[in-house]
Amino acid sequence: MYIGPDTGKILDFAPLLDEVKPDIFFVNSDGTSDEKKAFVEAKGLRYVTSSRIPHANLPERSTTSIRQIIGK
């Protein structure tokens, strides 16, 4: 698993795809877009979207909140 940059720009991850060379690009439903999907699929990657539903009694989490906690 790799958590990419979070600059707020839609394709901020683009330079890393050639470096990391993933087979699958996974994104939560709140982070998907037609532009992002088209870009990823044009690179030959499988684009997977998932709903962010925490298990019972667990708080919602995001990479943004994790980064804030660890100070990155």
Fill in the blank from the handout: For segment 25-72 the number of residues that are part of a loop (DSSP other than H, G, I, E, B), more than 16 Å from Asp12 (Cβ to Cβ) and small (Gly, Ala, Ser) is 4
Completion exercise
Of the residues in segment 59-71 that are closer than 23 Å to Thr32 by Cα and loosely packed, with under 10 Cβ neighbours inside 10 Å, the one that is modelled with the highest pLDDT is Pro59
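The values are calculated or read from the model by the stated rules, or taken from the named source; none is laboratory data. It should be emphasised that the depicted structure is a prediction, and the values quoted were computed from it without experimental measurement. Glycine also receives a Cβ, built like all others from the backbone with ideal geometry; neighbour counts cover every protein chain displayed.
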